[in-house]
Amino acid sequence: MIHSYVQGLQEHIAEDKREQYLATIRSETEHMNDMVLELLDLSRLEAGKVKLRRETFSLSALTRSTVEKWEPALRAKGLHLTLALSNPAPVHADRGRMAQVVENLLTNAIKYTPAGGRVQVEVSAQQSQTTLSISNDCAPIPPEELSRLFDPFYRRDDAAPWAGTGLGLAIVKNIMELHAGRCSAQATPTGVAFTVTL
């Protein structure tokens, strides 16, 4: 795709199309760069070459700051957000890697929720266990597909061509396994819920 747009620029296309071609090239290049970085990260995680820097922190506070960062994207799609955060919901984990988990799950929800739909984010703590659950409205997902959502490059048939790299959930799974935690996906009456537990 990039090659054809570059060729168009070299052939001196009409000036009014030039900016459109450049914007497409820029967007595709950024997408490829994201994919390469995520693929490298996933390879390191799968090879066991990632060392965790554990500390005790509030998963609720981390989740709230991540949600605030992505509020413009939520507003842009007219999504209705529900937050239910137990405090402090402490975890002993790698803060940077858990921030990656929260962000990957949240951006996945934003991406696949139709305009005007709902996204629910919940953090709960019970005894020695802390759980993050992010659910969103979407088309029904057959039970046999739920476990495959964490496979690298797996994308649903109804996914838009530009909708991510197909690596975000695989990275979540590997980070949670590295922490000796768990992750799962469950169908809900209106969509899907992703849950991670430490």
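Below are the figures for this structure:
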read-out	value
Condition met for Leu167 (at pLDDT 90 or above and assigned by TED's automatic domain parsing to the domain that holds Leu85)	no
Selection within segment 66-101 - in a loop (DSSP other than H, G, I, E, B) and closer than 20 Å to Asp137 by Cα	Trp70, Lys77, Gly78, Leu79
Among the candidates Ser124, Ser135, Ser128, residue that is assigned by TED's automatic domain parsing to the domain that holds Arg64 and under 14 Å from Ala187 (Cα atoms)	Ser135
Leu83 being in contact (Cβ under 8 Å) with a residue 24 or more places away in the chain, of a type in the set (A, V, I, L, M, F, W, C), surrounded by 15 or more Cβ atoms within 10 Å (Cβ to Cβ) and out of contact with any Ser or Thr (no Cβ under 7 Å at 6 or more places or on another chain)	no
Yes/no for Ala115 being surrounded by fewer than 19 Cβ atoms within 10 Å (Cβ to Cβ) and in contact (Cβ under 8 Å) with a residue 12 or more places away in the chain	yes
Subset of segment 42-65 (residues that are part of a strand (DSSP E or B) and not small (Gly, Ala, Ser))	Arg54, Glu55, Thr56, Phe57
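So that you can scan it fast, the table gives a plain yes or no per residue for (1) modelled with pLDDT of 95 or more; (2) farther than 24 Å from Leu178 by Cα; (3) out of contact with any His (no Cβ under 6 Å at 6 or more places or on another chain); (4) exposed (fewer than 14 other Cβ atoms within 10 Å of the Cβ):
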{"residue": "Glu38", "(1), (2), (3), (4)": "no, no, yes, no"}
{"residue": "Val50", "(1), (2), (3), (4)": "no, no, yes, no"}
{"residue": "Leu59", "(1), (2), (3), (4)": "yes, no, yes, no"}
{"residue": "Gly78", "(1), (2), (3), (4)": "yes, yes, yes, yes"}
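The values are calculated or read from the model by the stated rules, or taken from the named source; none is laboratory data. Worth saying up front: this structure is predicted, and the values here are computed from it rather than measured. Don't worry about glycine lacking a Cβ; one is built from the backbone with ideal geometry, like all the others, and counts go over all protein chains shown.
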